[in-house]
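Trainee: Right, I'll just put the structure down here and ask away after.
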Amino acid sequence: MSIDSLRRSAVATVSGLPRGFWWLWLSTLVNRTGAFVLTFLSLYLTQELGHSAWYAGLVLALHGLGGVAGSPLGGTLADKWGRRPTMVTMHLMTATCAAALSVVSTAWGVAAVVLLMGVSMQAVRPSIQATIADMVPEHDRRRAFALNYWALNLGFAIAAFGGGAAVFLGYRTLFLIEAVAVTLCALIVFLRLPETRPEAKRNPAGELVEKDRVSVLDVLRDAPFRMLVLLNLLVSLVFTAPWVGLPLSMAAEGLEPSAYGAVIAVNGVVIVAFQLLVNKVTEKRSPAMLLTVSALLFAVGTGATALAGTPLVFAATVVVWTIGEMVHVPTNAAATAKLAPEHARGRYQGVMGMSWALSGFLAPILAGWVVDGPGPDVLWIACGVIGCIAALGYITRLRKALADDQPVPAADRLPDDQPIPAHDRLPDDQPIPAADRLPDDRSVPAADRLPDDRPVVDKTPGAGTVSA
């Protein structure tokens with residue numbers, strides 16, 4: 001492929017999206033460029049504050065638990081209050097928590113701040129996803145979600161390189177830098193991003209019409225979406241496991257912690273370098289097929305970790321499941337937007353985000369238990385099996401629901417046993433309008449009549465003429 005063709009491909013990948021999307025993209029990049037708290041929190045707690053590794057793991061689990069509550073909360077606020085005010089409020093709450101961590105040092109205080117930070121960080125994501133779905137046409141959404149995910153990882157990579165400043169500036173200063181970055185992100189959203197929340201239908205009294213009353217429980221009653229959430233939970237458990245189990249497996253092979261740092265950095269490098277190319281290759285593929293392939297890539301990549309013994313082989317497994325990640329994340333977000341009614345996009349994205357947050361809470365606990373008990377190999381074999389189960393679910397249970405010609409979302413569909421409304425039916429005894437009837441005494445024009453002595457011709461191949 002020539003340089004010119006690569007340039008044209010890159011231009012095509014980023015062209016045609018609305019201006020508001022690029023302000024949102026910029027806010028994501030700025031936000032993640034200052035993402036220092038989660039990157040260095042465990043080191044800060046153990047090295048600077050002197051807490052145990054067990055306590056550091058508990059605090060990180062509390063962050064995930066906060067996300068489980070924050071995601072549906074943020075989705076509901078995005079639909080009822082608005083996308084932009086939800087984003088601004090939750091970004092400012094995150095900035096406040098990051099700044100608080102630079103001064104709070106007690107065990108209970110740090111745990112409380114990190115829990116609240118988990119709520120706010122996860123609560124902002126449904127608003128972001130819903131805004132993309134609102135402003136980007138359906139045929140471009142997967143590309144838009146991929147670009148936003150690329151910005152997230154690009155910012156995270158910049159933050160990882162900038163994290164070396166911790167040696168000179170200290171962890172508390174990095175936390176203050178994150179507070180400033182997230183505040184700047186909130187300002188970009190407030191000043192440049194328009195509100196995109198669609199208005200739900202209301203009756204003459206100003207009340208929501210019945211079919212537009214969507215609660216979180218109503219979202220979970222949508223069978224295709226419920227299956228999508230369940231399968232995403234399985235995939236996200238597999239995706240989260242390497243972040244906990246990989247350093248333990250490499251240590252069991254006698255490798256130094258620095259080797260783990262180099263291996264896991266492959267994840268960010270591959271995403272930043274190849275996310276746009278992967279999106280270009282997959283943009284015309286069916287969502288169910290892409291989700292199936294991504295689940296299999298997760299299964300193969302994590303399962304093969306049981307066979308790894310050198311940094312190079314470990315890095316190769318990371319490349320495999322990272323490709324699965326690049327395919328899965330934007331496709332799953334676009335599939336969620338496809339199944340959601342437009343006035344409930346925030347709640348649908350919130351429930352989906354809850355599956356990610358739940359895996360972030362459960363995976364460290366489960367992975368640590370398996371590694372300490374049966375051993376790392378059992379963890380990776382289990383991940384391979386779970387990935388294969390998810391792939392089977394995508395191809396057998398969601399192929400029709402995610403097809404391009406799929407009808408309107410669940411909240412807009414009539415149940416199978418619900419009759420067509422009376423005003424949409426034609427009464428059985430309603431006569432045909434006079435203008436549409438042929439008068440009884442109207443004769444066939446002479447030009448259209450068949451002469452009485454003209455034989456009828458059978459048009460069937462091989463047939464002859466039949467006398468009248």
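The values are calculated or read from the model by the stated rules, or taken from the named source; none is laboratory data. Quantities reported herein were computed from a predicted structural model and do not represent experimental measurements. As a convention, Cβ positions derive from the backbone with ideal geometry for all residues, glycine included, and neighbour counts pool all protein chains shown. These accessible areas exclude ligands, DNA and RNA; they are computed on the full protein's heavy atoms, side chains included. Shrake-Rupley method; radii C 1.70, N 1.55, O 1.52, S 1.80 Å.
Trainee: Would you please name the residue that is least open to solvent (accessible area, probe 1.4 Å), looking only at residues in the range 62-105 that are in contact with a Leu (Cβ under 9 Å, 6 or more places away or on another chain) and not in a helix (DSSP H, G or I)?
Mentor: Step by step, filter the range 62-105, then rank; the result is S102.
Trainee: When you go through L234, L291 one by one, which is the residue that is under 22 Å from the mean Cα position of the chain (by Cα), within 17 Å of A382 (Cβ to Cβ) and not polar (S, T, N, Q)? Walk me through how you get there before you give the answer.
Mentor: Details: L291 fails: within 17 Å of A382 (Cβ to Cβ).
On inspection, the qualifying residue turns out to be L234.
Trainee: Using beta carbons and a limit of 6 Å, which pairs, at least six apart or on different chains, have the first residue in the range 209-238 and in a helix (DSSP H, G or I) and at pLDDT below 95 and the second one hydrophobic (A, V, I, L, M, F, W, C) and surrounded by 22 or more Cβ atoms within 10 Å (Cβ to Cβ)?
Mentor: V219/V351
Trainee: Would you be able to say whether some residue in the range 244-255 is at pLDDT 95 or above, over 27 Å from F161 (Cβ atoms) and not polar (S, T, N, Q)?
Mentor: Step one: of the range 244-255, the residues at pLDDT 95 or above are none.
So far as the range 244-255 goes, no, none of its residues is at pLDDT 95 or above, over 27 Å from F161 (Cβ atoms) and not polar (S, T, N, Q).
Trainee: Report every pair of residues separated by at least 6 positions or lying on different chains whose Cβ atoms are under 7 Å apart, first residue within the range 294-308 and within 20 Å of L248 (Cβ to Cβ), second in a helix (DSSP H, G or I) and of a type in the set (D, E, K, R).
Mentor: Filtered contacts from the range 294-308: A306/D377.
Trainee: Which of the residues belonging to the range 294-312 are open to solvent by 60 Å² or more (accessible area, probe 1.4 Å) and part of a helix (DSSP H, G or I)?
Mentor: First, the residues of the range 294-312 that are open to solvent by 60 Å² or more (accessible area, probe 1.4 Å): 296, 300, 307, 310, 312.
Residues satisfying the conditions are L296, V300, L307, L312.
Trainee: If you check M250 against the conditions, is it crowded, with 18+ Cβ neighbours inside 10 Å and of a type outside the set (D, E, K, R)?
Mentor: Values: crowded, with 18+ Cβ neighbours inside 10 Å: yes; of a type outside the set (D, E, K, R): yes.
So M250 fits the description; yes.
Trainee: Something else about it: Scan V238, V329, V270, V263 and give me the residue that is in contact with a Cys (Cβ under 8 Å, 6 or more places away or on another chain), buried (at least 17 other Cβ atoms within 10 Å of the Cβ) and under 20 Å from N153 (Cα atoms). If you could, list the steps in order and put the result at the bottom.
Mentor: Working: V329 fails: in contact with a Cys (Cβ under 8 Å, 6 or more places away or on another chain); V270 fails: in contact with a Cys (Cβ under 8 Å, 6 or more places away or on another chain); V263 fails: in contact with a Cys (Cβ under 8 Å, 6 or more places away or on another chain).
Result: V238 is the single residue among V238, V329, V270, V263 that is in contact with a Cys (Cβ under 8 Å, 6 or more places away or on another chain), buried (at least 17 other Cβ atoms within 10 Å of the Cβ) and under 20 Å from N153 (Cα atoms).
Trainee: Do we find a residue being of a type outside the set (V, I, T), within 30 Å of F190 (Cα to Cα), touching a Gly at 6+ places or on another chain (Cβ under 8 Å) and modelled with pLDDT of 90 or more anywhere in the range 40-51?
Mentor: Just the residues of the range 40-51 that are of a type outside the set (V, I, T), to begin with: 40-45, 47-51.
Narrowing the set further to residues that are within 30 Å of F190 (Cα to Cα) leaves 40-41.
Those left that are additionally touching a Gly at 6+ places or on another chain (Cβ under 8 Å): 40.
Still in the running and modelled with pLDDT of 90 or more: none.
No, because not a single residue in the range 40-51 is of a type outside the set (V, I, T), within 30 Å of F190 (Cα to Cα), touching a Gly at 6+ places or on another chain (Cβ under 8 Å) and modelled with pLDDT of 90 or more.
Trainee: Name the helices (runs of 4 or more DSSP H) wholly inside the range 108-202 in which the number of residues that are at pLDDT 90 or above, among the hydrophobic types (A, V, I, L, M, F, W, C) and crowded, with 16+ Cβ neighbours inside 10 Å is 1 or more.
Mentor: 138-162, 171-192
Trainee: Any chance you could count how many residues in the range 332-348 are open to solvent by 10 Å² or more (accessible area, probe 1.4 Å) and within 18 Å of R197 (Cβ to Cβ)?
Mentor: Of the range 332-348, the ones open to solvent by 10 Å² or more (accessible area, probe 1.4 Å) are 334, 338-339, 342-343, 345, 347.
If we keep only those that are within 18 Å of R197 (Cβ to Cβ) as well, we get 342-343, 345, 347.
Number satisfying all stated conditions: 4.
Trainee: For L362, only one of the following conditions fails: (1) touching a Phe, Trp or Tyr at 6+ places or on another chain (Cβ under 9 Å); (2) open to solvent by 20 Å² or more (accessible area, probe 1.4 Å); (3) hydrophobic (A, V, I, L, M, F, W, C). What is its number?
Mentor: Result: L362 fails condition (1) only.
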